[in-house]
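The values are calculated or read from the model by the stated rules, or taken from the named source; none is laboratory data. Fair warning: this is a prediction, and the values are worked out from it, not measured in the lab. Using ideal geometry, Cβ is built from the backbone for each residue, glycine included, and neighbour counts are taken over all protein chains shown.
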Amino acid sequence: MKVVGSLEEFTTFHFSNIWGSLRNLIDFEKVEIPTSVRLVGSVHGEFPVDAYFPIFLEISKDYVREDLSGRFSCAGMDLGQKYYDSYWHPARTIPLPLFENDPELGVHGFLEGYCQLLDRWIDSPIPDNLPCAAIAIKTKGNYCEEREAQWILVLLLWPNNSARVLALELFEGALEDCISPEWYLNVSKLMPVDTAIEEIRKSSMNLPKWERPSSSLFVQPVFLGCILNNGKKESNEVSHWKHEWVYDRNDKLIEDLSLLLDEFHSIMDHS
């Protein structure tokens, strides 16, 4: 069985970078798993953050990272790009899967096809660092003098019962135009899916309390968002997450998140 690292993680960081580059070289057209739900590719994973530059789902060295360079991190600024590239490497980025499914599928048909895909995932040539599912929680609001803060939690799931949680905090800076943000990233080690799901449940009960709050859920595969009852679905074409479900009350988000986590728990138990 292929694993995503191990519960003890890689002991040689640079070797894992080299291996990460090699195992992502795959032609997804050759991944022939004939089900009604198909894996058709992957993209560099990014946090669904409102910012002038991407922040990647990255396994940073020592599992933490911070950035205080503000707008100079913006891709397209020569100085910022040089600074950003000096410590970011695509091999450390966790990819996100791209799925397609037969358009006539209902909820039951999608879940059946998705479970069939997961049953064959581990013994296929699919890269072992590619998660089979992801959930993101985002809450934002004003933390001080109309300056915005964002807090994002991402749960990544693999079909071998491994999971990882990434947390991002982003704060607008003190400059007059408020576009000089600082951000802080924390990455968990691999853990069992049950443990990660419980961690997400507990964290969702303690969302930051800011002025003018707004919260959202994101999910991959996107189709599973059809079980969310309380959020307003909006397109998010600038993000690989494609859609978000927006909530004006945290209790409604928590209710839908619980449904989603229960569904994923059932799916992972089946696979």
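Determine if segment 117-134 includes at least one residue that is at pLDDT 85 or above and within 26 Å of Asp251 (Cα to Cα).
Checked against the condition, which is being at pLDDT 85 or above and within 26 Å of Asp251 (Cα to Cα), segment 117-134 yields at least one hit.
Report, by residue number, each residue of segment 119-129 that is out of contact with any helix residue (DSSP H, G or I) (no Cβ under 9 Å at 6 or more places or on another chain) and crowded, with 20+ Cβ neighbours inside 10 Å.
Correct list: Trp121 only.
In segment 136-233, which strands (runs of 3 or more DSSP E) lie fully inside it and hold 3 or more residues that are surrounded by 20 or more Cβ atoms within 10 Å (Cβ to Cβ) and modelled with pLDDT of 90 or more?
Per the criteria, 147-158, 162-171, 211-220.
Taking segment 99-117, which residues are surrounded by 19 or more Cβ atoms within 10 Å (Cβ to Cβ) and either farther than 18 Å from Gly225 by Cβ or of a type in the set (Phe, Trp, Tyr) (or both)?
Phe99, Phe110, Tyr114
Name every residue in segment 236-255 that is farther than 26 Å from Pro54 by Cβ and either β-branched (Val, Ile, Thr) or part of a helix (DSSP H, G or I) (or both), in order of residue number.
Asn250, Asp251, Lys252, Ile254, Glu255
State all residues of segment 258-271 that are among the polar types (S, T, N, Q), modelled with pLDDT under 95 and surrounded by fewer than 18 Cβ atoms within 10 Å (Cβ to Cβ); if no residue qualifies, say none.
Ser266 - this is the single residue of segment 258-271 that is among the polar types (S, T, N, Q), modelled with pLDDT under 95 and surrounded by fewer than 18 Cβ atoms within 10 Å (Cβ to Cβ).
Would you confirm whether any residue within segment 246-257 is exposed (fewer than 15 other Cβ atoms within 10 Å of the Cβ), more than 21 Å from Leu57 (Cα to Cα) and in contact (Cβ under 8 Å) with a residue 40 or more places away in the chain?
no
So, Asp50, is that one surrounded by fewer than 17 Cβ atoms within 10 Å (Cβ to Cβ), under 18 Å from Pro159 (Cβ atoms) and modelled with pLDDT of 60 or more or not?
Spelling it out, it is not the case that Asp50 is surrounded by fewer than 17 Cβ atoms within 10 Å (Cβ to Cβ), under 18 Å from Pro159 (Cβ atoms) and modelled with pLDDT of 60 or more.
Mind counting the residues in segment 54-77 that are modelled with pLDDT of 75 or more, touching a Ser or Thr at 6+ places or on another chain (Cβ under 8 Å) and either surrounded by fewer than 19 Cβ atoms within 10 Å (Cβ to Cβ) or assigned to a strand (DSSP E or B) (or both)?
Residues meeting the conditions: 3.
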